[in-house]
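J.: Take this structure first; my questions come after.
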Amino acid sequence: MRIARKAFVSSSGEGGDVLRDIAFTLAHGEVGAFVGPSGCGKTTMLRIVAGLDTEFDGAVARPPGAIGMVFQEPRLLPWRTVDDNIRLIAPHVDEAKLAALFDTLGLATHRAHFPGELSLGLARRVALARAFAVEPRLLVLDEPFTSLDQPLAVRLRDELAMLVDRRPVTTLLVTHDLDEAARLADRLFLLSARPAHILAEVPIQQPRAARGPADIAALKAAIARQQPTSG
Amino acid sequence: MLRLLSLALFFATWMLGASLAGEQMLPGPVAVASAILGEARSGVLFLHLGATLARVLLAFALAMTIGTALGLVMGRVPAADRLGDPWLLILLNLPALVVVVLAYIWGGLTEAAAIAAVAVNKLPTAIVTVREGARALDPGLDEMARVFAMPRWRTFRHVVLPQLFPYLAAAARTGLSLVWKIVLVVELLGRPNGVGFEIGIAFQLFDVTRILAYALSFTAVVLAIETFLVQPLERRASRWRLRPA
């Protein structure tokens, strides 16, 4: 099943191309991770995939159905409670599923809180819960764990892996953290500096749950050989 | 406590002024209070207050609704902003009196002309304030609503409106006091009832007591609206800010 195919993307701003000749396809339920230096145009690419940016040459085929997106910042509605933030986006979510989602993400005790009362880590989890609550066919994650301390980022990453395994959803993850990509992805894409294009595509066969720290280190080493600048 | 003290000081100054200027020029609080009571007992006071209040609310609602809509469009669509801006400048600088007189000439001495004139006076400030708010809308939340395909009305109600609220509250605050002052002018010039009409008659008789009686009664009404309607609403809408992190 071909899910996302972008033939030719060239989003030209004032300074020239940001993205050049990026084309890829993800199968249904596959997690694709894009790794590249910061400022290389990863976010631009995600915005095109999510349909937020329509001024580009090329075409994007998205799977039919809802898109769930986690932005770099949580982007919650500060004037609505955590619960309302999710229910407003996903009005048809059923209570049991929502409760399970809150449990998985450790948010069960924060449902009545306002986003301003949450730490950044918690707010990011709410954003994650929101993206999953719409039962998306396409999940788009833009550096969802940046500016979190390392242990917390690792925990959230594991929670995300769990969620994706529980309910397979085609996922596009952008990150500058190779660890994160190696832990989560089925398929890795290495991006160059601006204008970004795909340097290498690395499929990962081993299932997510089976990957230990050693496997991830090995993966990283293999990738580092291909792209010495990143890391 | 300090507010009460300040209020007491106001009355003391008033009494002092009254004793210095004489009851003819400035009647004291007691005289004015008994005038208010007298008018209230005969029921005339409420008739006039009611007429003025109805005009204030109608003109206010009209100006706020149209102003919010236009302000939003001008804040979000640059072309609309450039198109509307000169009109806005003209309206902003058109004296209230000119609008009122023209409205009466063109529309006759009718209720509709009166309310339209007041609304037109309030409209530009409402537009300017809401436009500021619309310009300050968070594009991040906008994108969020788009990606998650939030329906239009729900986006407006839960994403846009809460962001506009401080601006709407500011527009309402200044609006209410502005509108009632212009309503008085409108009533003075061409309405058979209302506080403005009464003050017009009192002016012809040089009846300062009556002028003060009506002015203060209506000020009290506006103060009551402010304390019991606007402020609680504001507190309710901003309760998400009050709780500490």
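The values are calculated or read from the model by the stated rules, or taken from the named source; none is laboratory data. These numbers come from a predicted model, not from an experiment. Note that we place each Cβ from the backbone using ideal geometry, even for glycine, and neighbour counts take in every protein chain shown.
J.: Taking segment A:147-183 on its own, how many of its residues are out of contact with any Asp or Glu (no Cβ under 9 Å at 6 or more places or on another chain) and in a loop (DSSP other than H, G, I, E, B)?
T.: Residues meeting the conditions: 3.
J.: Take residue A:77 and decide whether it is among the aliphatic types (A, V, I, L, M) and within 14 Å of another protein chain (Cβ to nearest Cβ).
T.: yes
J.: Can you tell me which residue within segment B:27-62, out of those that are among the charged types (D, E, K, R) and either under 21 Å from residue B:170 (Cα atoms) or at pLDDT 90 or above (or both), is surrounded by the fewest Cβ atoms within 10 Å (Cβ to Cβ)?
T.: Here the residue is B:41.
J.: Tell me which helices (runs of 4 or more DSSP H) are completely within segment B:158-240 and hold 3 or more residues being within 14 Å of chain A (Cβ to nearest Cβ) and closer than 30 Å to residue A:112 by Cβ, or say none if there are none.
T.: Qualifying helices (runs of 4 or more DSSP H): B:161-190, B:231-237.
J.: Please work out which residue is farthest from the other protein chains (Cβ to nearest Cβ), limiting yourself to segment A:80-97 and to residues that are part of a loop (DSSP other than H, G, I, E, B) and over 21 Å from residue A:160 (Cβ atoms).
T.: Within segment A:80-97, the match that is farthest from the other protein chains (Cβ to nearest Cβ) is A:94.
J.: Only residues that are within 13 Å of residue A:81 (Cβ to Cβ) and part of a helix (DSSP H, G or I): list them for segment A:105-121, please.
T.: A:109, A:110, A:115, A:116, A:117, listed by residue number.
J.: Does residue A:133 meet the test of being crowded, with 23+ Cβ neighbours inside 10 Å, small (Gly, Ala, Ser) and within 25 Å of residue B:163 (Cβ to Cβ)?
T.: yes
J.: Could you please let me know if residue A:66 is under 30 Å from residue B:162 (Cα atoms), surrounded by fewer than 21 Cβ atoms within 10 Å (Cβ to Cβ), over 12 Å from the mean Cα position of the chain (by Cα) and of a type outside the set (D, E, K, R)?
T.: Considered against the rule, which asks whether it is under 30 Å from residue B:162 (Cα atoms), surrounded by fewer than 21 Cβ atoms within 10 Å (Cβ to Cβ), over 12 Å from the mean Cα position of the chain (by Cα) and of a type outside the set (D, E, K, R), residue A:66 comes out as yes.
J.: Same structure again: Working only within segment B:137-152, note down all residues that are modelled with pLDDT under 90 and over 15 Å from residue A:69 (Cβ atoms).
T.: Passing the criteria: B:151, B:152.
J.: Restricting attention to segment A:184-205, report how many residues are exposed (fewer than 13 other Cβ atoms within 10 Å of the Cβ) and either among the hydrophobic types (A, V, I, L, M, F, W, C) or assigned to a loop (DSSP other than H, G, I, E, B) (or both).
T.: Residues flagged as exposed (fewer than 13 other Cβ atoms within 10 Å of the Cβ) and either among the hydrophobic types (A, V, I, L, M, F, W, C) or assigned to a loop (DSSP other than H, G, I, E, B) (or both) within segment A:184-205 amount to 1.
Residue by residue, here is whether (1) within 14 Å of another protein chain (Cβ to nearest Cβ); (2) more than 17 Å from the chain's Cα centre (by Cα); (3) not in a loop (DSSP other than H, G, I, E, B) holds:
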| position | (1), (2), (3) |
| --- | --- |
| B:105 | no, yes, yes |
| B:115 | no, no, yes |
| B:132 | no, yes, yes |
| B:143 | yes, yes, yes |
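Results for (1) assigned to a loop (DSSP other than H, G, I, E, B); (2) farther than 25 Å from residue A:119 by Cα; (3) modelled with pLDDT of 85 or more, shown as yes or no for each residue.
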site: A:23; (1), (2), (3): yes, yes, no
site: A:29; (1), (2), (3): yes, yes, no
site: A:32; (1), (2), (3): no, yes, yes
site: A:68; (1), (2), (3): no, no, yes
site: A:99; (1), (2), (3): no, no, yes
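J.: Looking at (1) within 14 Å of chain B (Cβ to nearest Cβ); (2) touching a helix residue (DSSP H, G or I) at 6+ places or on another chain (Cβ under 9 Å), find the lone condition where residue A:64 falls short.
T.: Condition (2) is where residue A:64 drops out.
J.: Does at least one position in segment A:173-181 carry a residue that is crowded, with 22+ Cβ neighbours inside 10 Å, more than 14 Å from the chain's Cα centre (by Cα) and either within 14 Å of chain B (Cβ to nearest Cβ) or at pLDDT below 85 (or both)?
T.: No - not one qualifying residue is present in segment A:173-181.
J.: Only one of A:139, A:128 is aliphatic (A, V, I, L, M), outside any helix (DSSP H, G or I) and surrounded by 21 or more Cβ atoms within 10 Å (Cβ to Cβ); which?
T.: Going through A:139, A:128 in turn, the sole match is A:139.
Listed here are the residues, each with its yes/no results for (1) of a type in the set (Val, Ile, Thr); (2) in contact with a Lys or Arg (Cβ under 6 Å, 6 or more places away or on another chain); (3) modelled with pLDDT under 90.
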site: B:179; (1), (2), (3): yes, yes, no
site: B:184; (1), (2), (3): no, no, no
site: B:189; (1), (2), (3): no, no, no
site: B:205; (1), (2), (3): no, no, no
site: B:211; (1), (2), (3): yes, no, no
site: B:229; (1), (2), (3): no, no, yes
site: B:232; (1), (2), (3): no, no, yes
site: B:240; (1), (2), (3): no, no, yes
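J.: In segment B:7-25, is there at least one residue being in contact (Cβ under 8 Å) with a residue 60 or more places away in the chain, within 30 Å of residue B:103 (Cβ to Cβ) and surrounded by fewer than 16 Cβ atoms within 10 Å (Cβ to Cβ)?
T.: Within segment B:7-25 (the criterion being in contact (Cβ under 8 Å) with a residue 60 or more places away in the chain, within 30 Å of residue B:103 (Cβ to Cβ) and surrounded by fewer than 16 Cβ atoms within 10 Å (Cβ to Cβ)), the answer is no, since none of the residues qualifies.
J.: Of all residues in segment A:126-153, how many are more than 14 Å from chain B (Cβ to nearest Cβ), of a type in the set (A, V, I, L, M, F, W, C) and farther than 21 Å from residue A:36 by Cβ?
T.: Residues that pass the stated criteria total 1.
J.: Those residues that are acidic (Asp, Glu) and touching a residue at least 24 places away in the same chain (Cβ under 8 Å), I need them from segment B:121-168; list them, please.
T.: Across segment B:121-168, the qualifying residues are B:132, B:138.
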